[in-house]
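The structure appears below as structure tokens.
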Amino acid sequence: MKVIRTAVFLFGILGMTGCSNSVQPESLVSLPDPQVITPINIEPQQKVIKKIDDSNSDKKSESAAVINNVKKDGLKVALTFDDGPDEKYTPLILDILKKEQVKATFFVVGEHAKEHPKMMKRLVDEGHAIGNHSWDHVNLSEATADKIQSEIGSTDDMIKQITGVVPTLFRAPYGAVSPQVLNVSMQSGHQVIGWSVDTLDWDGKSVSQILSNVRKEVGPGAIILQHFAGGKHGKLGNTVEALPQIISYLRQKGYTLVTVPELISAN
Ligand SMILES: [Zn+2]
């Protein structure tokens, strides 16, 4: 959408420029001497682009800073799980990942970490990456900066207290990232992580629907969203059942499964 909006706006400005100078951009492109083009045409375009960036700075920084996928060389993808831990589904998911020798990334809700410290320790002991997913999973997009800071800070503190790990990743509940959520989370030392593949597992989707969502949306650098607690009516059985099949499918397609920090730092 941003590209389209920018293109439309640019075209509008260029059209106006052409009109005011009584010169159409198309005719300028065909001029033989680039020295003529440069001062008249190219530079104003660059200024226009800068002006667009400035005028949309909130929108631009939001879209630029939330990491939804990481397109680099190589077939790497990251499995991510939100909303836990719990004592019901978290151990089952960890058992599968251990058996398959996959490291994933878990976005932890602070109050659940407090309730289930053993699961938190297991996540870290088994080599998974930990991210912050707020204290009690409220929609932060309408919250004050103080509230956002409190949600993120208390969760960081709890995770650190239990595991010794200081999270550097933050995923907003519901993916609701306002400019303020973005600013506060980044200022407190977090990269803001989204996703590019939504399995919709939380919604009670069938195993085949979950797999279909992965097949349709996955690509190099994908960040795949699943859950490790919660779910519709508290059920995530299909997440557990689908997981070995997702891993098998991704490996068949040549993907290496890595954590989000590994995906971001990969060359
Ligand atoms: Zn969540």
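Annotations
- Taking (1) surrounded by fewer than 16 Cβ atoms within 10 Å (Cβ to Cβ); (2) of a type in the set (A, V, I, L, M, F, W, C); (3) in contact with a Lys or Arg (Cβ under 7 Å, 6 or more places away or on another chain) in turn, ALA176 satisfies each apart from (3).
- Pairs meeting the criteria (first residue in the range 217-236 and among the aromatic types (Phe, Trp, Tyr), second residue modelled with pLDDT of 95 or more, beta carbons under 6 Å, at least 6 apart or on different chains) are PHE228/PHE81; PHE228/GLY84; PHE228/TYR89; PHE228/THR90; PHE228/ILE93.
- The requirement of being in contact with a helix residue (DSSP H, G or I) (Cβ under 9 Å, 6 or more places away or on another chain), under 27 Å from LEU75 (Cβ atoms) and of a type in the set (Asp, Glu) is fulfilled nowhere in the range 244-262; no residue meets it.
- Number of positions in the range 179-191 that are of a type in the set (S, T, N, Q) and either within 16 Å of the ligand (Cβ to nearest atom) or outside the structural domain of ASP136 (by TED's automatic domain parsing) (or both): 1
- Residues in the range 164-177 that are free of Cβ contacts under 8 Å to residues at least 60 places away in the same chain and assigned to a loop (DSSP other than H, G, I, E, B) were compared, and the one that is nearest to the ligand (Cβ to nearest atom) is ALA172.
- Residues of the range 108-152 satisfying the condition of being more than 13 Å from the ligand (Cβ to nearest atom), outside any helix (DSSP H, G or I) and charged (D, E, K, R): GLU126
- Matching residues, the range 192-223, being within 16 Å of the ligand (Cβ to nearest atom), in a helix (DSSP H, G or I) and either among the basic types (Lys, Arg) or crowded, with 22+ Cβ neighbours inside 10 Å (or both): ASP201
- Test: residue in the range 93-108 that is over 25 Å from SER248 (Cβ atoms) and in contact (Cβ under 8 Å) with a residue 24 or more places away in the chain: yes
- Scan the range 170-206 for residues that are within 10 Å of the chain's Cα centre (by Cα) and either modelled with pLDDT under 95 or within 23 Å of ARG122 (Cα to Cα) (or both) and the total you get is 3.
- Filter result (surrounded by fewer than 20 Cβ atoms within 10 Å (Cβ to Cβ) and assigned to a loop (DSSP other than H, G, I, E, B)) within the range 232-254: LYS235, LYS253, GLY254
The values are calculated or read from the model by the stated rules, or taken from the named source; none is laboratory data. Remember, predicted model here, so these are calculated numbers, not experimental data. Neighbour counts are summed over all protein chains in view; Cβ atoms, including those assigned to glycine, are modelled from backbone coordinates with ideal geometry.
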